[in-house]
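Asker: Just dropping this structure here.
The values are calculated or read from the model by the stated rules, or taken from the named source; none is laboratory data. The structure displayed is predicted, hence computed values, not measured ones. SASA here: full protein model, heavy atoms, side chains in, ligands and nucleic acids out. Shrake-Rupley method; radii C 1.70, N 1.55, O 1.52, S 1.80 Å.
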Amino acid sequence: SLLQPALTALGFKRKRDCYELELAEQVVGVVCFGVGNVDPIEIYVTVGVRFIELEGLASHLQGISGTGDGWTLGARLCDLKLGTATKRPTVRLSGTESDIATIAQVVDDIQCDGVPFMQEWADLTKLIDHMKHALDERIRGNCYVTDPATTLPVALATIGRLDEGLNVVRRTVSSLAGMKNRGYAHSYSRFAAAYEDFASGPRGQVFSVKP
């Protein structure tokens, strides 16, 4: 209850379990809160950027309805705060008046560290470059992309670079041959087939002529 008015004052809007800040057309900054412990109450804060068109296409190709409330690229808020000797991953609430100061500090960190992070990564070209280097390591620096092998080709498709996207998908399928994690290999093969169909179909032709 203390968070919502403070974040609203910064321009965020509540959307189910997260707060969104419009950054550009089809691009929003996202702040999400999760519960790390209940006694005492500890919450963790994640900030990120969601590319709406990208997430919509990714959901379509993976057979998922809706785009959810998450992010395309994100980071723990504590990892963005400069000059901290120890990074506490969660924020502890005591249920007392001291929580007011704690929440105020969280909002200040979001404004000073989270929002600049969102603005920095609201550039799809920069995100694509980041993911090209992250295909073999999901975590790179402070930034986290859930699955670059899926997100990168979809991002390339949304800016008309379907051939590059197809190359990424085919290389990934080849690299997964004989992989121990057969569950992921199987799900990725389904995504790859959907991507191939999309690239050769009428919707893919529309995307391929984008500037």
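Asker: Could you pull out every one of the aspartates and glutamates with an alpha carbon less than 16 Å from that of residue 132, ignoring same-chain neighbours closer than 8 positions?
Answerer: 123, 147, 163, 164
Asker: What is the percent carbon and sulfur in the accessible area of the stretch 1-44, measuring with a 1.4 Å probe over the protein chains and ignoring ligands?
Answerer: It is 50 percent, rounded to a whole number.
Asker: Still on this model: Report the normalised scattering of the stretch 5-59 as log10 I(q)/I(0) at q = 0.14 Å⁻¹, calculated by the Debye formula with identical scatterers on the alpha carbons.
Answerer: Taken in order of the listed q values, log10 I(q)/I(0) reads -0.45.
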